[in-house]
Number of protein chains: 2
Amino acid sequence: MIENRRQVRTDGTGNADILETAAQCFMEQGFSATSIDDVARRLGATKGRIYHYYSSKTDLFFDVHREGLERLFQAVEPVMGIEGSGVVRLRAMLTAHAMAMMTNAAFEAVVVQGVHMHRMAATTPDQRRTLDDLIAIRRRFEGLFKQVLQEGVDDGSIRNIDISISAKAMLGAINWLSVWYRPASDETEMDRQMLAERIVTTQIDGVRS
Amino acid sequence: MIENRRQVRTDGTGNADILETAAQCFMEQGFSATSIDDVARRLGATKGRIYHYYSSKTDLFFDVHREGLERLFQAVEPVMGIEGSGVVRLRAMLTAHAMAMMTNAAFEAVVVQGVHMHRMAATTPDQRRTLDDLIAIRRRFEGLFKQVLQEGVDDGSIRNIDISISAKAMLGAINWLSVWYRPASDETEMDRQMLAERIVTTQIDGVRS
């Protein structure tokens, strides 16, 4: 769970629907081609309503990014504590991560786009603090996988590999979904589950003892 | 090799140094925060010199993207034809790809950023044709890996896996380098080779028979 995060209210009176709509716009058009106007128009709201919550497009982008990371934590943390060896828990975590990447495709596209935003030179001190915060959350997420990889090496279920490089490569294999995956119109939860398992199986077979 | 591509002259009188400098700017600042002015200033050239070759920042970005893809082809195609089973050739191709991602870090960051640019709605008809062209080149690159994966399945050196999903996951694991890899100041070719082999070994172990 991400600590000290802004409360997202889902009762329709808060900013949850702004985030959903903004995520869609950013996914489809990218950051630079999206305006606050686009988000307001698609939401059927006034620009004023959005500016009530966000003082700039960058702040809105950051909050979508934060929500995308939060959803990844919510998917992965619960399965981290299941019974089983390191490799069993790692498989469950990677599968949950892949499912979350597909289920929240718009939010997770922003998380991946956001990686490049980190390189933008021109940001205010406030935005730089937010970026540092997001980078720290991202690092904590990677840390969950490193921890379980290490536990797997310790309990003998995972080979003696380079933990840090393996975690990055595995997460890359799954995060790449945000580049190529587009849900088919008749796609079911089962289809997504099968896709997740296919990706995860080769990643797990690459590290298991 | 990419057919019909613009000739890049490397004799200092052409646009090769513009591309190098632009790649650096795009990598460090991202597309939206980079201006033609930034590129000219860093290159110690006039804006006019850049506009002689490129009519807009988007065109310049596309040509950096194209050069980045060309360098990946140049790295991977020669080793595709070495002696050996499918899995042996796949390993050599993935290693060459990982090395190219690191050696040409600035160009390849643009290739990865460019994936998101594909989603930008607002482009001219000319730019849309260029985008379609880049997407086709990218697909052809993925096709090289699918071909050798299939040959490995046929010769028994690779398990009977889903070729398309496996190719995307493997390329994702390697392309993710562009998100986290930064060359250390004292880094050698040997360091890069070791990093490439660590990433590739777990990918290969995940699919080999």
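Observations on the model:
- For the range B:79-86, Karplus couplings with θ = phi - 60° (6.51, -1.76, 1.60), whole Hz, Gly/Pro x: 7, 4, x, 5, 5, x, 6, x
- Comparing mean-square fluctuations of B:SER35, B:SER55, B:SER178 from a GNM of chain B with C-alpha springs under 10 Å, the top value falls on B:SER55.
- Couplings 3J(HN,Hα) of the range A:169-186, computed from phi: 5, 5, 5, x, 4, 7, 4, 4, 3, 5, 7, 10, 7, 10, x, 6, 5, 9 Hz, in residue order, whole Hz [Karplus 6.51 cos²θ - 1.76 cosθ + 1.60, θ = phi - 60°; x for Gly and Pro].
- Rounded to whole numbers, the Karplus 3J(HN,Hα) couplings from phi for the range A:93-102 are 5, 5, 5, 4, 5, 4, 4, 5, 4, 7 Hz, using 6.51 cos²θ - 1.76 cosθ + 1.60 with θ = phi - 60°, and x at Gly and Pro.
- Using a 7 Å Cα-to-Cβ projection, B:TYR51 label spacings across copies, nm, ascending: 3.4
- Remark on A:SER209: its backbone amide H falls under 5 Å from those of A:ILE158, A:ARG159, a criterion applied only to residues 5 or more positions apart or on other chains, H modelled at 1.01 Å from N.
- Euclidean distance between Cα centres, the range B:144-195 to the range A:145-209, Å: 14 Å
- The spacing between the range B:66-80 and the range A:42-117, judged by their C-alpha centroids, is 34 Å.
- Computed extension gain for B:SER185 through B:GLU142, at 0.36 nm per residue and net of the alpha carbon distance, reaches 12.3 nm.
- Total lysine pairs in the protein assembly as shown at Cα distances under 12 Å, for residues eight or more apart or on different chains: 4.
- When chain B is treated as a Gaussian network with alpha carbon springs shorter than 10 Å, the biggest mean-square fluctuation among B:VAL179, B:VAL87, B:VAL110 belongs to B:VAL179.
- Summed residue charge, Cβ within 13 Å of B:VAL111's Cβ, Lys/Arg positive, Asp/Glu negative: -2
Just so you know, all these numbers are worked out from the coordinates, no wet-lab data involved. Here the structure is a predicted model, which means the values were calculated and not measured. So basically every Cβ, Gly included, is an ideal-geometry build from the backbone, and we count neighbours across all protein chains shown.
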